[in-house]
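This report refers to the structure that appears directly beneath it.
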Amino acid sequence: MRTILLLCTLSLLACDDTSPRADAATGDGDGNGDGTGDGDGDGDGDGDGDGDGDGDGDGDGDGTGDGDGDTEPPPDGLVPAFVAQGHLGRLMLSCDDGRTWIADRSDEQGDGTCWSGVNEIECDHDPGAGRGLVFGDGQVFATFGWGAPGSVRRSDDGVAWANVLEGESFGGMAYLGGVLLAGNRTSRTSTDDGDTWTDAFDSGLVGWNVRRAGQTDEAFVLVGDADDIVIGSADGQTWTAPSTLPAGCGAGVQTRGGIAFGGGVLLVVGGDGVACSSTDGGDSFTQVSVGGEVVSHLVWSGSDFVVYGATDAYRSADGEVWTTTPITPALRFGPVAVSDDGTFVAVEGGWGESVWYAGQEFYRSSDGISWEALPAGSFTGGHPIRDMAFGYLQPSAECTLP
């Protein structure tokens, strides 16, 4: 029997382009049908917002909000942690710099599995479909639900979760200056960490599907399908489209690439490897290729943007000039996150039981180039992971202060 835990999440009333049925059966309009299932599905964006998870809005991961990437001491009384989110309400936590994953839980308490097994579940279109994470104010928020009413879930320690919004679906989440955004064509905001919410308002997208949400140091960002990007004021109430946006920006961004901000640059990378950058807060964008198609999520490392192809790392300090470096061993990533101290974590990308459940693998790297697979016993394989983020949480019995 499936039981919904006291968790809090966001959902998207749309269809996922990673399901093998999605484009043909749901008419979500993205048309890529890549069936990789390798992303975070943040609908949000990532829902993880800027990719660093610290909730300060600058995307550099240092928690300062200045975007310069300088590492700052952890906030007093808080524990640095990675959180991973998966389908069927799955959530898990690492507070030892990505070496082990604990507090692994799911809404599915029976024998249901994604697209397989005796009790097969169409996990992309389910109230527990994972759609992204964002940290803010010493808490973490998770979005769940796709094509069905979902929830917003909140935790201050990554172990105990509570619902703060139910019965609605959103495409992603972001956090900026004390404002939590539940992003959709009709979005909501909260200024008290999800205790209360504004009425829904039109975010100004051309289409109906939000694929990712994020933020700069002074504005929110929503990405729909290709050529559909809007920039929101710091309070999330006023939205405008860029004055200059090259064709194709944001294509396939739902599960690959994403939104990040660092060094004064707002960057949107699509699954096709097209990078669209802005240095004026999102009013105008320029477009280049990172060097190939991407399979992972996009992150800001504190000094450069990083996204992965099938066997290579693509890196850029400004979103304009990119370098390609083979990773060792050759791996295919899905969700990726990086800590303020520069530790990268990732989960294997791809589609099917060979990369989920017993075949699932988690990875760790100190530089984003040389990787190691976590050994048996450091995590439990399970439902597909859709997103990862880094931030700071309250200490708990499972995660004590350093």
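Quick notes
- Stretch gain in nm, segment Thr400-Asp227, where the contour uses 0.36 nm per residue and the Cα spacing is subtracted: 57.8 nm
- Computed from the C-beta positions of Asp283 and Ile369, the FRET efficiency with R₀ = 45 Å rounds to 0.85.
- Inter-centroid distance (Cα atoms) of the stretch 206-267 relative to the stretch 326-351, Å: 23
- Gained length - Asp318 relative to Ser243, 0.36 nm times residue gap less alpha-carbon distance: 24.9 nm
- The calculated Kirkwood hydrodynamic radius for the stretch 143-279 is 15.1 Å, given to one decimal from all distinct C-alpha pairs.
- For the set Leu331, Leu393, the ranking by accessible area, highest first and with no ligand, DNA or RNA atoms included, is Leu331, Leu393 under a 1.4 Å probe.
- Nitroxide proxy distance, nm - points 7 Å out along Cα→Cβ at Thr100 and Ala160: 2.2
- Translational diffusion of the stretch 338-402, estimated by Stokes-Einstein from the Kirkwood radius over alpha carbon pairs at 25 °C in a medium of 0.890 mPa s, is 182 µm² per second.
- Point-to-point label distance, Glu361-Ser378, nm (Cα→Cβ direction, 7 Å offset): 1.2
- Placing a label point 7 Å from the Cα of Ala310 along the Cα-to-Cβ direction, the residues of the stretch 263-301 with a backbone N closer than 12 Å are 293-295.
The values are calculated or read from the model by the stated rules, or taken from the named source; none is laboratory data. In this text the structure is predicted, and so the values were computed from the model without any measurement. Every residue, glycine as well, gets a Cβ built from its backbone with ideal geometry; the counts of neighbours run over all protein chains shown. Heads up: the accessible areas ignore ligands, DNA and RNA and are worked out on the full protein's heavy atoms, side chains in. Shrake-Rupley method; radii C 1.70, N 1.55, O 1.52, S 1.80 Å.
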